[in-house]
Amino acid sequence: MPLIAGADVPKTGETPAGWGLTRYPAGTRDPFPAHFHDCDEWYFLLEGRMRVRSEGQEYDMSKGSVLLTKMGDVHEILEVLEDATMFWLEGPLRGEMRPGHLHR
């Protein structure tokens, strides 16, 4: 497979729907309202600490934590407790194959 960069990700249902590296300063609250995706999504916390919610359950993430939200799971970042760097990865689109953040 060739190198894939940013917006060049093909939306074929076979490749990731998106990915990125995001930094949040301590004190950030709810950068995105509760949402879900037509794909699975992983949060890989590379540094810092944050509180997240997925399907009504709250979790404290720290360096090395991984949160998996399955397709349709409602999730959000509640608060960044320490400056945080997170790599996020969205799996292949499925179902209605709608990209981006979806809301109920």
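Quick notes
- Number of positions in region 1-54 that are modelled with pLDDT of 95 or more and closer than 20 Å to G72 by Cβ: 13
- Here R104 meets the list (1) surrounded by 13 or more Cβ atoms within 10 Å (Cβ to Cβ); (2) over 11 Å from the mean Cα position of the chain (by Cα); (3) touching a residue at least 24 places away in the same chain (Cβ under 8 Å) almost entirely, failing just condition (1).
- Restricting region 48-95 to residues that are touching a residue at least 24 places away in the same chain (Cβ under 8 Å) and at positive phi, the residue that is most open to solvent (accessible area, probe 1.4 Å): G95
- When restricted to residues that are outside any loop (DSSP other than H, G, I, E, B) and either closer than 14 Å to H101 by Cα or of a type outside the set (G, A, S) (or both), region 20-50 contains 16.
- Scanning region 36-47 for residues that are crowded, with 16+ Cβ neighbours inside 10 Å and either free of Cβ contacts under 8 Å to residues at least 12 places away in the same chain or out of contact with any Phe, Trp or Tyr (no Cβ under 9 Å at 6 or more places or on another chain) (or both) turns up F36, H37, D38, C39, D40.
- Hey, D83 among the charged types (D, E, K, R) and either touching a Pro at 6+ places or on another chain (Cβ under 6 Å) or part of a strand (DSSP E or B) (or both) or not: yes
The values are calculated or read from the model by the stated rules, or taken from the named source; none is laboratory data. Note that the structure is predicted; figures quoted are calculated from it, not measured. Cβ coordinates were reconstructed from backbone atoms using ideal geometry, including for glycine residues, and neighbour counts include every protein chain displayed. Ligands, DNA and RNA are stripped out before the accessible areas are found, and what is left, the full protein with its side chains, is counted by its heavy atoms. Shrake-Rupley method; radii C 1.70, N 1.55, O 1.52, S 1.80 Å.
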